[in-house]
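Worksheet: one structure, shown below.
All of the numbers you see were taken from the coordinates with simple rules; none came from a lab. Please read all numbers here as calculations on a predicted model, not as lab measurements. Here the Cβ positions follow ideal geometry from the backbone for every residue, glycine too, while neighbour counts run over all protein chains shown.
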Amino acid sequence: MVRLFLASPAATGRLGRALAALLSPPAVVTLAGELGTGKTTLARDVLRAAGVRGPIVSPSFTIAQSYVGRSGLRLNHLDLYRLNPGADVELFAWDDYLTPDAVTLVEWPEAGSAELPRPDVAVRLYHHAPRSRWAELDSTAAVEERLRTALEDLGPAVPAPEAGGTVEGGGL
Ligand SMILES: Nc1ncnc2c1ncn2[C@@H]1O[C@H](COP(=O)(O)OP(=O)(O)OP(=O)(O)O)[C@@H](O)[C@H]1O
Ligand SMILES: [Mg+2]
C-alpha cells in the first residue's frame, strides 16, 4: 500500500503522470472514493499523460469512453456509477473494454466488481480539504516498486501536513 498526500490538483496531475508511465496493456486501474474526491480528475490526468489529445469527457452518463493515446495505445475510461445491479451489469459489454490491448480506468468499480478482473492498481481517494486529497494505492509488490520509481522520477513531493498522521510514501 502506498499512501500519498495530494496537496493540490497539480499533485493529482503528477500522480496521473506516474501512473501513465508505468501502465502498459493489458491493465486495469480502479478509481474508488466518495463523490468529488477526484476520480475523474485523476483519470483525465492519466489519459492526457498517456498522450490522449482532444476533449476528454466524463463517462458518468455514457458509462464508457475509449481513446487512443501515444503509440496507438487504447485507453478506456469507465464510470460505473449509473450501472444498476443485475441486468445492467450483465448486459454491459465488458469484453469490448477489458481487452488485451487496452489500459482501462474504472470509476466506481464496486458496481461491476463481479465482472472486473483484479486491478493492477487499485486507487482510493479521500477528501482532505477543498484543494487537497489523500490517495491510497494497492498493487502487487512489483507494480508498487515501479510506481515508487515513477514518482521519484517526477521529483520531490509536497510534504503531507503533520496532522495527517503516519505517512508512508510521503506527499506528492
Ligand atoms: N487535489 C485534488 N485532486 C483532485 N481534484 C481536486 C483536488 N482539489 C480539488 N479538486 C477538485 O475536486 C473536484 C473533483 O471532481 P471529480 O469529478 O474529479 O470527482 P469524482 O471523484 O470523479 O466525482 P464523482 O464521484 O462525481 O465521479 C474537481 O472540481 C477538482 O478540481
Ligand atoms: Mg467522476
- prompt: Quick one: residue 76 ticks every box in (1) touching a Ser or Thr at 6+ places or on another chain (Cβ under 6 Å); (2) closer than 14 Å to residue 19 by Cα bar one, so which box is it?
  reply: (2)
- line: Of the residues in the stretch 1-53 that are under 12 Å from the mean Cα position of the chain (by Cα) and in a strand (DSSP E or B), the one that is farthest from ligand 1 (Cβ to nearest atom) is 27
- prompt: Just checking, how many residues over the stretch 107-150 are among the small types (Gly, Ala, Ser), over 13 Å from residue 23 (Cα atoms) and within 16 Å of ligand 1 (Cβ to nearest atom)?
  reply: 5
- request: Check off (1) of a type outside the set (Lys, Arg); (2) closer than 22 Å to residue 14 by Cα; (3) within 11 Å of ligand 2 (Cβ to nearest atom); (4) touching a helix residue (DSSP H, G or I) at 6+ places or on another chain (Cβ under 7 Å) for residue 139 and give me the number that stays unchecked.
  value: (3)
Any hit, the stretch 126-141, residues being outside any strand (DSSP E or B), in contact with a Leu (Cβ under 9 Å, 6 or more places away or on another chain) and surrounded by 17 or more Cβ atoms within 10 Å (Cβ to Cβ): no
